[in-house]
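Participant: Please find one structure pasted underneath; my questions will follow.
The values are calculated or read from the model by the stated rules, or taken from the named source; none is laboratory data. Predicted model, so just to flag it, every value in this text is computed and none were measured. Glycine also receives a Cβ, built like all others from the backbone with ideal geometry; neighbour counts cover every protein chain displayed.
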Amino acid sequence: MKIALIGYGKMGKTIEKIAQERGHTITHRISDDIANHDLKTTDIAIDFSIPDAAFRNITSCFQQGVPVISGTTGWLKKYEEAVRVCNENNSGFIYASNFSLGVNLFFELNKNLAKMMSGFKDYSVSMEEVHHTQKLDAPSGTAITLAEQIIANNNKKGWKLDTAGEDEIPITAKRIENVPGTHTISYESKVDTIKIEHIAHSREGFALGAVIASEWLNGKQGVFTMKDVLFQNM
Ligand SMILES: NC(=O)C1=CN([C@@H]2O[C@H](COP(=O)(O)OP(=O)(O)OC[C@H]3O[C@@H](n4cnc5c(N)ncnc54)[C@H](O)[C@@H]3O)[C@@H](O)[C@H]2O)C=CC1
Ligand SMILES: O=C(O)C1=N[C@H](C(=O)O)C[C@H](O)C1
């Protein structure tokens, strides 16, 4: 496959390595305004850029007839608009706050645990995410997805960074040098604590997931999720 990398930073470079190992060709390595680039000869674009540029990058690809895998976080208020532009252009789109297989399994575990805990009022839920110090957004996209899953399966009404109200999930975001991404969910009562945690040891899991998603999306039209890619038969 011919792949355009939009955002050639930490993730772009890790994706390049894995894509080449799997026999793909990198046609573009883009770190500036998408308007400067003609993508028509590429099969798919993988966007891991910055929150302020992601929407413009993604929709510009659809308008050029190029399907998109996007892992950029912090732009999701415009997700529905991106879906509309994808469909108008008969293109293909997968966004995921986290492309790793491990986190997508963790998402399923989180939903089940939230459902199981919903009847037990003695436990209060909270979340902590830890990432490297260059991260632009907080809380992480993954933490927001986890919180939305708890809200849908428990009796919480929303989430807040740091101090939250009675019916909200408090999320703590820590920034520590070189941490690829750790997410911990705790249910705490007076007598004990139940914790589930995902620790990424490197960026390779995110990058491999994004390349597998590109291979899966190639030739398809429509808007999909990582659940479609990884757990089609679940
Ligand atoms: N969904 C997932 O599995 C994962 C998502 N991410 C997200 O991916 C994004 C990128 O992460 P990193 O690679 O760690 O960041 P990074 O800062 O290393 O790379 C971002 C790159 O985007 C470039 N850039 C700036 N303006 C641009 C524009 N207008 N168009 C295209 N590129 C532009 C920057 O020059 C930089 O090279 C972040 O939003 C992060 O949260 C990161 C890891 C996994
Ligand atoms: O910026 C990162 O590094 C990461 N961003 C994603 C997020 O915001 O959830 C995924 C992963 O945790 C690493």
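Participant: So which of SER100, SER91 ends up being within 16 Å of ligand 2 (Cβ to nearest atom), farther than 25 Å from ASP162 by Cα and either in the same structural domain as ILE30 (by TED's automatic domain parsing) or of a type in the set (Ser, Thr, Tyr) (or both)?
Facilitator: SER100
Participant: Look through VAL223, VAL125 and report the one residue that is farther than 28 Å from MET1 by Cα, surrounded by 16 or more Cβ atoms within 10 Å (Cβ to Cβ) and touching a residue at least 24 places away in the same chain (Cβ under 8 Å).
Facilitator: Selected residue: VAL125, the only one of VAL223, VAL125 that is farther than 28 Å from MET1 by Cα, surrounded by 16 or more Cβ atoms within 10 Å (Cβ to Cβ) and touching a residue at least 24 places away in the same chain (Cβ under 8 Å).
Participant: Going by what's in this entry, would ASP52 be described as within 16 Å of ligand 2 (Cβ to nearest atom) and acidic (Asp, Glu)?
Facilitator: Spelling it out, ASP52 is indeed within 16 Å of ligand 2 (Cβ to nearest atom) and acidic (Asp, Glu).
Participant: OK, next. When the residues of the stretch 3-37 are narrowed to those that are under 18 Å from LEU217 (Cβ atoms) and part of a loop (DSSP other than H, G, I, E, B), which ends up nearest to ligand 2 (Cβ to nearest atom)?
Facilitator: Step by step, filter the stretch 3-37, then rank; the result is GLY7.
Participant: Then there's this: Take the stretch 1-15 and flag every residue that is surrounded by fewer than 20 Cβ atoms within 10 Å (Cβ to Cβ) and either under 14 Å from GLU215 (Cα atoms) or not assigned by TED's automatic domain parsing to the domain that holds SER70 (or both).
Facilitator: Hits for the stretch 1-15 are MET1, LYS2.
Participant: Taking GLY119, is it at positive phi and not in a helix (DSSP H, G or I)?
Facilitator: no
Participant: Determine whether ASP47 is of a type in the set (D, E, K, R), assigned by TED's automatic domain parsing to the domain that holds ILE26 and under 12 Å from the mean Cα position of the chain (by Cα).
Facilitator: Yes: the conditions hold for ASP47.
Participant: A further question follows. Contact list please: Cβ distance under 6 Å, first residue in the stretch 26-52 and in contact (Cβ under 8 Å) with a residue 60 or more places away in the chain and over 15 Å from TRP75 (Cβ atoms), second residue among the basic types (Lys, Arg) and in a strand (DSSP E or B), pairs at least six apart or on different chains.
Facilitator: If the second residue must be among the basic types (Lys, Arg) and in a strand (DSSP E or B), the pairs left are ASP43/LYS2.
Participant: Given ASN110, ASN154, which one is over 18 Å from HIS201 (Cα atoms) and away from ligand 2 (no atom under 15 Å from the Cβ)?
Facilitator: None of the other options fit; the residue is ASN154.
Participant: Further question: Report whether or not LEU105 is touching a residue at least 60 places away in the same chain (Cβ under 8 Å), under 26 Å from SER126 (Cβ atoms) and assigned to a helix (DSSP H, G or I).
Facilitator: Taking the combined requirement at face value, the residue does not satisfy it.
Participant: Please pick out the residue among THR133, THR142, THR59, THR41 that is within 16 Å of ligand 2 (Cβ to nearest atom) and either in a loop (DSSP other than H, G, I, E, B) or outside the structural domain of THR163 (by TED's automatic domain parsing) (or both).
Facilitator: On inspection, the qualifying residue turns out to be THR133.
Participant: Then there is this: Collect the residues in the stretch 58-111 that are of a type in the set (Gly, Ala, Ser) and surrounded by fewer than 16 Cβ atoms within 10 Å (Cβ to Cβ), keeping them in residue-number order.
Facilitator: Hits for the stretch 58-111 are GLY65, GLY102.
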